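Take a look at the structure set out below.
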Amino acid sequence: MPETSLFQSFFLIFTGAAVVASLALWGRQPLLVAYIALGCLLGPSVFGLVDNVALMAEMSSIGIVFLLFLLGLDMQPQALISVLRKATFVGFISCAVFLALGYGIGRVFGFTSIESWVIGMAMMFSSTIIGIKLLPTTVLHHKHLGEMMVGLLLFQDFVAITCLMILLSGSTGTVDFARLGISFAALPLLVGFSWAAVRYVLQPLLAKFDRFHEYVFLLALGWCLGLAELAEVVGLSREIGAFIAGITLATSPISQYIALSLKPLRDFFLILFFFSLGAQFNLDMVPEIAVPALVAASAVLIIKPVVFRYLLGQQSERKILAWDIGFRLGQISEFSLLIAFLAASQQLIGSKASHLIQATAILTFLVSSYIVVLNFPNPIAIKDHLRRD
């Protein structure tokens, strides 16, 4: 069978997504579920119509970068500093609890000690895409909720970077603490560079040429991707770089115009992300990992909201808000998938452990999406009284 061209892949993905999205809306189902199901059907495990899945997955990561950039544009730096203080305590305790939970599940089902630690690492993080994609931004109550979630997700990003560096050192058996220290020392330098570039370069350019909409769009795009790549080069993540790019530009008078311009582009790449998530999963592994995956997913879906509710309650958050955040963060993350792929490539875990993490991610993405879409205010709610942009 000839290899599918890039144009044919896009045709199959987006025409298929239009069809399944129509069916999902008709059946009052979340769109994210439809995109993952489409990936499973068109990917190598079923019909094999889209065979360049790795390329699609790499392209889809741009959607996460845009998501964080737009998120930064909606936040003020003062609000972020305030919320990070509160998020640090909750982040430390919750990561420790979920690391222990994942390790325990791994040992119960006979995985090695190293595999169990990797499973525990994967359990620590919540999905930026699920959390932020389903969060309203126009309601005052949810602006505070969004700030708190961003603080927690950013803290988790730093923990994830540490985990990834530990895994990258796994083949040598030693952790490169020098490299780790350089990466975190680079953070304030990146923030300072970003602030200076926005104040002395971007804002004067925007003030002079803001009537040229195409130029504003290109400048914002270049700034987002440029700082994301710079963050990657200095040992941070592209997501952190994109968020810093957004939040340093948030004080610009046309930040909201930029946000509106980039939202369609973000959605294009996010559809690719959920499609590639379904397409990369090997369905032949299901019989081997079904039981541990169901146990792990159930533990995440039940325990994560409770832990976040309790910890946020200790930080004086109102009960209803604490539950809201808990359920929105009640899944594992895109970083969990990256940890699984990296650990497998370093031969620290076997195929069974890697697919356990992938299956847990897909199950928690699906069920968590249903929980939020059906019960909490969100932009794609199927109930009119819950739909909030």
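The values are calculated or read from the model by the stated rules, or taken from the named source; none is laboratory data. All of these numbers come straight from a predicted model, not from anything done at the bench. Here the Cβ is made from the backbone with ideal geometry for all residues, glycine too, and neighbour counts use every protein chain on show.
Quick notes
- The listed residues are 50, 20, and the only one of them that is in a helix (DSSP H, G or I) and either buried (at least 18 other Cβ atoms within 10 Å of the Cβ) or outside the structural domain of residue 249 (by TED's automatic domain parsing) (or both) turns out to be 20.
- Residue in region 134-141 that is at pLDDT 90 or above and either in a helix (DSSP H, G or I) or assigned by TED's automatic domain parsing to the domain that holds residue 328 (or both) present: no
- Every pair of residues 6+ apart whose Cβ atoms lie under 9 Å, when the first sits in region 40-62 and is within 16 Å of residue 337 (Cα to Cα) while the second is of a type in the set (Gly, Ala, Ser) and assigned to a loop (DSSP other than H, G, I, E, B): 53/43
- Counted residues, region 74-117 - those being within 29 Å of residue 244 (Cβ to Cβ) and part of a helix (DSSP H, G or I): 23
- For region 318-356, a tally of residues being assigned to a loop (DSSP other than H, G, I, E, B) and under 20 Å from the mean Cα position of the chain (by Cα) returns 5.
- Among the residues making up region 65-89, those that are in contact with a helix residue (DSSP H, G or I) (Cβ under 9 Å, 6 or more places away or on another chain), of a type in the set (A, V, I, L, M, F, W, C), modelled with pLDDT under 75 and farther than 20 Å from residue 253 by Cα are 83, 84.
- Number of the condition not met by residue 33 [criteria: (1) in contact (Cβ under 8 Å) with a residue 24 or more places away in the chain; (2) under 25 Å from residue 311 (Cβ atoms)]: (2)
- Test result for residue 183, at pLDDT below 75 and in contact with a Gly (Cβ under 6 Å, 6 or more places away or on another chain): yes
- Only one of the numbered conditions (1) within 30 Å of residue 17 (Cβ to Cβ); (2) at pLDDT below 90; (3) crowded, with 21+ Cβ neighbours inside 10 Å is not met by residue 44, and that is (3).
- Filter result (surrounded by fewer than 24 Cβ atoms within 10 Å (Cβ to Cβ), at negative phi and either touching a residue at least 12 places away in the same chain (Cβ under 8 Å) or not assigned by TED's automatic domain parsing to the domain that holds residue 209 (or both)) within region 230-239: 230, 234, 236, 237, 238
- Whenever a residue of region 203-222 is over 19 Å from residue 66 (Cα atoms), its partners that are assigned to a loop (DSSP other than H, G, I, E, B) and not polar (S, T, N, Q), lying with C-beta atoms within less than 6 angstrom and at least six residues away or across chains, give the pairs 210/254.
- Scanning region 242-300 for residues that are farther than 30 Å from residue 105 by Cα and part of a loop (DSSP other than H, G, I, E, B) returns 250, 251, 252, 253, 254.
- Among the candidates 96, 100, 37, residue that is of a type in the set (A, V, I, L, M, F, W, C) and under 25 Å from residue 379 (Cβ atoms): 37
- When residue 220 is tested against the conditions (1) surrounded by 16 or more Cβ atoms within 10 Å (Cβ to Cβ); (2) modelled with pLDDT of 90 or more; (3) farther than 18 Å from residue 251 by Cα, the lone failure is (3).
- Leading residue by the ranking (modelled with the lowest pLDDT) among those in region 323-356 that are out of contact with any Ser or Thr (no Cβ under 6 Å at 6 or more places or on another chain) and of a type in the set (Val, Ile, Thr): 339
- Some residue of region 84-93 being touching a Leu at 6+ places or on another chain (Cβ under 8 Å) and without any contact (Cβ under 8 Å) to a residue 60 or more places away in the chain: no
- Residue that is farthest from residue 16 (Cα to Cα) [pool: residues in region 259-292 that are small (Gly, Ala, Ser) and within 20 Å of the chain's Cα centre (by Cα)]: 259
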